[in-house]
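The values are calculated or read from the model by the stated rules, or taken from the named source; none is laboratory data. Since this is a predicted model, take the numbers as computed values, not measurements. Cβ: placed from backbone, ideal geometry, glycine included. Neighbour counts: every protein chain shown. Please note that ligands, DNA and RNA were not included when accessible areas were found on the heavy atoms of the full protein model with its side chains. Shrake-Rupley method; radii C 1.70, N 1.55, O 1.52, S 1.80 Å.
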Amino acid sequence: MTDADVRAVTEAELAEWQRALNTGFLRPPVQDPEYLEPRRRLFEPGRTLGAFDGDRCVATYRSFAQELTAVGGTPVPANAISNVTVSPTHRRRGLLSRMVRQDLAAAKERGDVVATLIAAEYPIYGRYGFGPATWTTAWTVDVPRAGLDPRWSGPEDGGRIDLVDAEDVRKLGPALHERVRRAQPGAVSRSESWWQRDTGAVRFEAGFTEPFYAAYRAPSGEVEGLVSYTSDDTWHGKQPHNTADVNWLLGTGPAAERALWRYLCSIDWITKVKSGWRGPDDLLPYFLPDPRAARVTEQADWLWVRILDVVRALEARSYDGTGTLVLEVLDEGGFTGGRFRLDASPEGASCTPAPGETVDLTLEIGELGSVWLGGESVGRLAALGRVREGREGAARSADALLRTSGRPWCPDLF
């Protein structure tokens, strides 16, 4: 235990809070005032928390408003959590627990359906009711092995690829992203400040490298894809061995994605393409004549979800099948536990408290967060002992109702 004071940070304390944040992330602790000013623009009273030992900030935490796309395309209000650190001198004193509880209570009071975060370390957030809900995969494409036609000069569908600059991306990107994320369960909203930071209009630290940007225009002329990437400059024995490193790639469908990946693999001197974080069932390898040329280099959990309102969460998403489940949801945090009856069909869903009904499945709130977006298997969790069946076959029935044909994916790090 500690007598450190956990509270909302004032704007006057932001420089001290930033020093603690940098310390926690093993960055140089002193912040150049030039890069502190953009942080002030993101400051929301009450949503930036800190733990103070005297005048020194020793733990940091920030949340902000977000929308998360549920299965079927409905956006739900989310409490996005970021900038979580505890200084090495103040570990294991309950500071993070105090900040999480305070923030989740405020999110519940606001009416947020879920809380979200990207976990730097796996073991931390399960104890607060979060569960891994999306996964990510990264590929490295060996371009010479891919079997692509080196004479390629543009999309075969009548579309075109154009190089664009950062100002173009700030104009074109938000509307394109909205189209993509509304169709992708697990995707989250991007604010105007996200686009400013990503394109270098606002900078939080030194060392920003201006990326290349390319747009795919469909035969109609409409922009249906954008990619941001950088390149190194590596040569061996007068031979190029350069890598295109993708920061992000957005496409409204396979045609746009195929054209942009093909473009990246056709750039002179590029022998490898690093995909960045993609969905685990991304089509990238199968756009190549030889899919083995795309080697998996990273696979890990990504977006974690903490459900704050079981009824609204289960009613917000869509269902391809028809069925009924009675769930006993255990929530040590006390936000949304209880027994619930879910009646679902392609026409919609209803979720109601069901204190007297026989339970089909018993699960912790974190496990419900993992299966809510359709990417995790209830049957697999049952085999691991993390879900208990109240009747034989209930896990299989739940998978038929909850799982989706495509995996959920969150393209963003926040």
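If I filter the stretch 289-299 for residues that are open to solvent by less than 30 Å² (accessible area, probe 1.4 Å) and either in a loop (DSSP other than H, G, I, E, B) or closer than 23 Å to VAL188 by Cβ (or both), do I get at least one hit?
No, every residue in the stretch 289-299 fails to be open to solvent by less than 30 Å² (accessible area, probe 1.4 Å) and either in a loop (DSSP other than H, G, I, E, B) or closer than 23 Å to VAL188 by Cβ (or both).
Give me the pairs: first residue in the stretch 312-330 and at positive phi, second residue crowded, with 21+ Cβ neighbours inside 10 Å and of a type in the set (D, E, K, R), beta-carbon distance under 6 Å, and six or more apart or on different chains, which are they?
none
Within the group TRP277, TRP248, TRP269, which residue is modelled with pLDDT of 95 or more and over 19 Å from the mean Cα position of the chain (by Cα)? Break it down into steps so the answer makes sense when it comes.
Details: TRP277 fails: over 19 Å from the mean Cα position of the chain (by Cα); TRP248 fails: over 19 Å from the mean Cα position of the chain (by Cα).
Step by step, each of TRP277, TRP248, TRP269 is checked, and only TRP269 is modelled with pLDDT of 95 or more and over 19 Å from the mean Cα position of the chain (by Cα).
Can you name every residue in the stretch 112-153 that is open to solvent by less than 20 Å² (accessible area, probe 1.4 Å) and at positive phi?
If the condition is that a residue be open to solvent by less than 20 Å² (accessible area, probe 1.4 Å) and at positive phi, then GLY129 is the only one that fits.
Any residue in the stretch 35-53 that is small (Gly, Ala, Ser), open to solvent by 10 Å² or more (accessible area, probe 1.4 Å) and on the phi < 0 side of the Ramachandran plot? Steps first, please.
Quick first cut of the stretch 35-53, residues small (Gly, Ala, Ser) only: 46, 50-51.
Now drop any that are not open to solvent by 10 Å² or more (accessible area, probe 1.4 Å), which leaves 46.
Within this subset, residues satisfying the condition of being on the phi < 0 side of the Ramachandran plot are none.
No, the stretch 35-53 contains no residue that is small (Gly, Ala, Ser), open to solvent by 10 Å² or more (accessible area, probe 1.4 Å) and on the phi < 0 side of the Ramachandran plot.
Is it the case that PHE52 is more than 27 Å from ARG403 (Cα to Cα), out of contact with any Gly (no Cβ under 7 Å at 6 or more places or on another chain) and free of Cβ contacts under 8 Å to residues at least 40 places away in the same chain?
Working: more than 27 Å from ARG403 (Cα to Cα): yes; out of contact with any Gly (no Cβ under 7 Å at 6 or more places or on another chain): yes; free of Cβ contacts under 8 Å to residues at least 40 places away in the same chain: no.
Spelling it out, it is not the case that PHE52 is more than 27 Å from ARG403 (Cα to Cα), out of contact with any Gly (no Cβ under 7 Å at 6 or more places or on another chain) and free of Cβ contacts under 8 Å to residues at least 40 places away in the same chain.
Checking PRO285 against (1) out of contact with any Asp or Glu (no Cβ under 6 Å at 6 or more places or on another chain); (2) in contact (Cβ under 8 Å) with a residue 60 or more places away in the chain; (3) open to solvent by 50 Å² or more (accessible area, probe 1.4 Å), which single condition isn't satisfied?
(3)
Here are ALA15, ALA8, ALA65: which of them is open to solvent by 10 Å² or more (accessible area, probe 1.4 Å), of a type in the set (A, V, I, L, M, F, W, C), within 27 Å of SER189 (Cβ to Cβ) and in contact with a Leu (Cβ under 9 Å, 6 or more places away or on another chain)? Before you say what the answer is, go through the steps one by one.
Numbers: ALA15 fails: within 27 Å of SER189 (Cβ to Cβ); ALA65 fails: in contact with a Leu (Cβ under 9 Å, 6 or more places away or on another chain).
Every option except ALA8 fails the conditions.
Taking the criterion of being in a helix (DSSP H, G or I), without any contact (Cβ under 8 Å) to a residue 40 or more places away in the chain and open to solvent by less than 70 Å² (accessible area, probe 1.4 Å), would at least one residue in the stretch 197-212 satisfy it? Step through it out loud before you land on a result.
In the first step, residues of the stretch 197-212 are kept if they are in a helix (DSSP H, G or I); the result is 197-198.
Checking which are without any contact (Cβ under 8 Å) to a residue 40 or more places away in the chain leaves us with none.
No, because not a single residue in the stretch 197-212 is in a helix (DSSP H, G or I), without any contact (Cβ under 8 Å) to a residue 40 or more places away in the chain and open to solvent by less than 70 Å² (accessible area, probe 1.4 Å).
Give the number of residues within the stretch 231-245 that are open to solvent by 40 Å² or more (accessible area, probe 1.4 Å), under 29 Å from the mean Cα position of the chain (by Cα) and polar (S, T, N, Q).
1
Go through the stretch 248-282 and count every residue that is among the hydroxyl-bearing types (Ser, Thr, Tyr), out of contact with any His (no Cβ under 9 Å at 6 or more places or on another chain) and either open to solvent by 30 Å² or more (accessible area, probe 1.4 Å) or not in a loop (DSSP other than H, G, I, E, B) (or both).
First, the residues of the stretch 248-282 that are among the hydroxyl-bearing types (Ser, Thr, Tyr): 252, 263, 266, 271, 275.
Next, only the ones that are out of contact with any His (no Cβ under 9 Å at 6 or more places or on another chain) stay: 252, 263, 266, 275.
Subsequent filtering for residues that are either open to solvent by 30 Å² or more (accessible area, probe 1.4 Å) or not in a loop (DSSP other than H, G, I, E, B) (or both) retains 252, 263, 266.
Number of matching residues: 3.
Counting only residues that are β-branched (Val, Ile, Thr) and surrounded by fewer than 19 Cβ atoms within 10 Å (Cβ to Cβ), how many does the stretch 85-108 have?
To start, the set of residues in the stretch 85-108 that are β-branched (Val, Ile, Thr) comprises 85-86, 89, 100.
Checking which are surrounded by fewer than 19 Cβ atoms within 10 Å (Cβ to Cβ) leaves us with 89.
Count: 1.
Tally up the residues in the stretch 94-136 that are over 16 Å from ALA80 (Cβ atoms), aliphatic (A, V, I, L, M) and in contact with a strand residue (DSSP E or B) (Cβ under 7 Å, 6 or more places away or on another chain), please.
Result for the stretch 94-136: 2.
Among the numbered criteria (1) open to solvent by 70 Å² or more (accessible area, probe 1.4 Å); (2) more than 30 Å from THR74 (Cα to Cα); (3) touching a residue at least 12 places away in the same chain (Cβ under 8 Å), which one does GLU192 miss?
For GLU192, the failing item is (2).
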